[in-house]
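The values are calculated or read from the model by the stated rules, or taken from the named source; none is laboratory data. Bear in mind the structure is a predicted one, so any value in this text is a computation, not a measurement. Here the Cβ positions follow ideal geometry from the backbone for every residue, glycine too, while neighbour counts run over all protein chains shown. Please note that ligands, DNA and RNA were not included when accessible areas were found on the heavy atoms of the full protein model with its side chains. Shrake-Rupley method; radii C 1.70, N 1.55, O 1.52, S 1.80 Å.
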Amino acid sequence: MLYKEVTEALRNAIRTGEYPIDSKLPTVQELCHRYSVSAITIRRALDNLREEGFVARQPRIGTTVVNSNPQSPDTRGRSTPTIAYIITSFADSFGVPLLEGVLESARGRAHILLDETSGDKDIEEQAIATAIDAGAEGLMLLPGDSRFIPKSILDLIARKFPVTIIDRVFQGVPVATVASDNRTAATQATQYLFSLGHRNVAFISSSSHLSSSSLRRQGWEFAHASNSISLEVGLSLSTLRSTLPGAPQSERGNDLDRLVRFFRQNPHLTGCLTSEYNIALLVKQALRMLGKSIPQDMSVVCFDHNDYNFDDSMFRFTYIKQQQPEIGRSAVDLTLGQIEDGPCTDQKLLPTSLIIGQSTSKIA
């Protein structure tokens with residue numbers, strides 16, 4: 001095997017003093033050129049040397065020689081593992097609580113290498129490559145798109161690299177996953193609106209291609225079917241763009257225009273489920289532009305919510321509360337488990353809670 005040959009060559013170079021203790025090995029790219037092998041082969045060889053106690057690999061520093069003739073694995077060579085955490089974006093309503101869970105669970109167990117992609121596929125691919133080159137031993141990824149599986153992820157899975165996907169579902173891909181039970185959550189939210197007497201309930205989301213949004217729409221549809229309530233084709237709006245990561249400010253006005261047209265075309269609507277908190281805010285503003293208000297003219301339920309712990313005057317929506325800190329903690333546990341015991345394909349779905357706020361009321 002090529003990686004074994006490279007491991008032996010580097011091991012001998014360290015033992016003979018070509019790379020003395022405290023010196024840095026050449027970069028992955030330089031070693032690829034020297035030995036005429038792929039980056040994956042070099043990384044596997046470096047992983048072997050780390051496990052044997054010859055080197056330590058640290059993010060943004062590189063690979064450092066720590067022992068020229070270890071009799072047993074050196075403690076520095078088997079230091080706290082580094083896990084890359086790559087996310088599309090951060091917000092108070094979704095993202096920040098998840099990160100808090102990641103950091104809490106990783107404390108004393110792993111170093112976290114953090115990066116943000118703004119939902120850009122090219123940036124995502126580069127972030128993954130950079131993390132691996134920096135010595136990450138595991139990867140937690142919240143992808144910006146559920147339609148396309150990054151090629152780098154497929155390559156990592158193929159070589160049994162520890163990968164955990166967060167808040168997304170890649171159907172048919174053998175990879176560890178942790179997310180909320182979005183379908184059940186949306187069903188519960190829609191049924192709650194039905195319990196208040198609403199029968200014309202819309203589903204409003206962004207134009208993103210995310211499994212979480214798709215599952216929420218499925219839950220909205222299932223609630224109609226299970227309650228024998230007719231579902232109008234036109235009661236779904238999934239063209240909003242201003243809440244997408246990196247969207248220009250001008251899209252907010254465009255989305256408000258889309259919402260105003262939607263509500264004018266469907267004057268019989270009395271309730272709606274939005275796929276995220278910021279869309280609920282847009283709905284509130286669009287209704288105000290029409291001279292309407294929440295919940296007097298429209299009851300609204302959303303996913304996630306900002307925590308206004310120190311401002312009781314802020315308007316609070318009825319919303320689905322995800323266990324974001326627990327999602328983060330579970331992702332770290334799944335990834336560390338793979339680092340220690342090998343790859344797994346566990347798919348963990350966490351339950352949610354419906355939190356009653358000011359945005360819903362019984363239909364008049």
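Tabulated data
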| quantity | calculated |
| --- | --- |
| Stretchable slack from ALA158 to ALA225, in nm (0.36 nm times residue separation minus alpha-carbon distance) | 20.1 nm |
| SER207 versus LYS4: modelled label distance in nm, points set 7 Å from Cα along the beta carbon direction | 5.4 nm |
| Given LYS121/LYS348; LYS292/LYS362; LYS321/LYS362, the pairs whose alpha carbons are separated by over 19 Å | LYS121/LYS348; LYS321/LYS362 |
| Choice from THR190, THR335, THR64 showing the highest fluctuation, given a GNM over the chain with Cα pairs closer than 10 Å | THR64 |
| Top of PRO245, PRO174, PRO70 by mean-square fluctuation, Gaussian network on the chain, Cα under 10 Å | PRO70 |
| Within the chain, longest stretch free of exposed GluC sites (Glu not before Pro) [DSSP loop, at most 15 other beta carbons within 10 Å] | 19-231 |
| Theoretical gain in end-to-end length, SER195 to GLU104 [0.36 nm per residue, Cα-Cα removed] | 28.9 nm |
| Relative contact order (percent, whole number), the range 188-237, Cα cutoff 8 Å, 6+ residue spacing | 48 percent |
| Gain on full stretching of the segment that runs from ILE61 to ILE356 - 0.36 nm per residue minus C-alpha separation | 101.3 nm |
| Qualifying lysines (Cα of each under 20 Å from Cα of LYS4; at least 8 residues distant if same chain) | LYS160 |
| Relative contact order (%) - the chain, alpha-carbon pairs under 8 angstrom, separation at least six | 17 percent |
| With all protein chains modelled, accessible area of VAL163 [1.4 Å, Å²] | 0 Å² |
| Sites matching trypsin sites (Lys or Arg not before Pro) across the range 158-245 that sit in DSSP coil, with at most 15 neighbouring C-beta atoms within 10 Å | ARG159, LYS160, ARG199 |
